[in-house]
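The structure under discussion appears below in the form of structure tokens.
The values are calculated or read from the model by the stated rules, or taken from the named source; none is laboratory data. Computed from a predicted model, the values in this text were never measured in an experiment. Every residue, glycine as well, gets a Cβ built from its backbone with ideal geometry; the counts of neighbours run over all protein chains shown. For the accessible areas, the whole protein counts, side chains as well, though only heavy atoms, and no ligand, DNA or RNA atoms are used. Shrake-Rupley method; radii C 1.70, N 1.55, O 1.52, S 1.80 Å.
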Amino acid sequence: VDGSPREEDDLYGGADVEDEGIEGEVANGGIRTMRAKTMVEMRDVERLLLRALEFDRTADAAADVYEALGVVYNVSRDFDAAVDAFQRAIEVRPDDYELRNKLGATLANSNRSDEALPSYRVALKLKPKYARGWLNMAISHSNLQNYQEAARCYLQTLSLNPEAKHVWSYLRIALTCSEQWDLLPLAASQ
């Protein structure tokens, strides 16, 4: 509510839903039915993924399954299960910067931004030019009201991905909250 973006806003890329379909469901009082169907489908996906481990017990397959489970749990907002799944995948693939980022984003989305920062740091140590990791770390710093550090991370994001125009507004918020008035005109011109 403080105007800060959230990692979940585009953690894995957005999926658009047609407004017409949603309106029809709401008009028919079916929003609870939609949620129930989604939860059943998520449990089906979970069962299928766990069953896949029975057929391929290699470490790499386990890491893939746990990563997929982490995404499923994250989408269904079972953040504790998602954290556990990503941690299991990381046990197999400790040098996977994207897994570290997903763990961090999941922690941040469950209001644990302070716990997310070490995951982002490891991801960025593994891949220093990972713009998504810098952005997510900036968002966590903003959530923790570490606005100067957030501004530094937003600038790093922009240096790596100048096309990320939306990051300029996040930077302006961080500069305003940290009362860095002298830098605000530079960010405002973008």
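Just a yes or no: is a residue in the range 58-81 of a type outside the set (A, V, I, L, M), touching a helix residue (DSSP H, G or I) at 6+ places or on another chain (Cβ under 9 Å), on the phi > 0 side of the Ramachandran plot and without any contact (Cβ under 8 Å) to a residue 24 or more places away in the chain? Within the range 58-81, one or more residues are of a type outside the set (A, V, I, L, M), touching a helix residue (DSSP H, G or I) at 6+ places or on another chain (Cβ under 9 Å), on the phi > 0 side of the Ramachandran plot and without any contact (Cβ under 8 Å) to a residue 24 or more places away in the chain.
No other residue among ALA82, ALA123, ALA187, ALA105 is more than 28 Å from ARG47 (Cα to Cα) and surrounded by 24 or more Cβ atoms within 10 Å (Cβ to Cβ) apart from ALA123. Here SER4 fulfils each of the conditions (1) hydroxyl-bearing (Ser, Thr, Tyr); (2) exposed (fewer than 12 other Cβ atoms within 10 Å of the Cβ); (3) at pLDDT below 70 apart from (2). Residues that are assigned to a helix (DSSP H, G or I) and open to solvent by 30 Å² or more (accessible area, probe 1.4 Å) were ranked within the range 68-78; the one that is nearest to ARG121 (Cα to Cα) is VAL71. For the range 138-163, filtering for residues that are open to solvent by less than 10 Å² (accessible area, probe 1.4 Å) and among the hydrophobic types (A, V, I, L, M, F, W, C) leaves 5.
Find the helices (runs of 4 or more DSSP H) located wholly in the range 89-183 whose residues include 3 or more that are within 25 Å of ASP64 (Cβ to Cβ), and list them.
Here the list reads 97-109, 113-126, 131-143.
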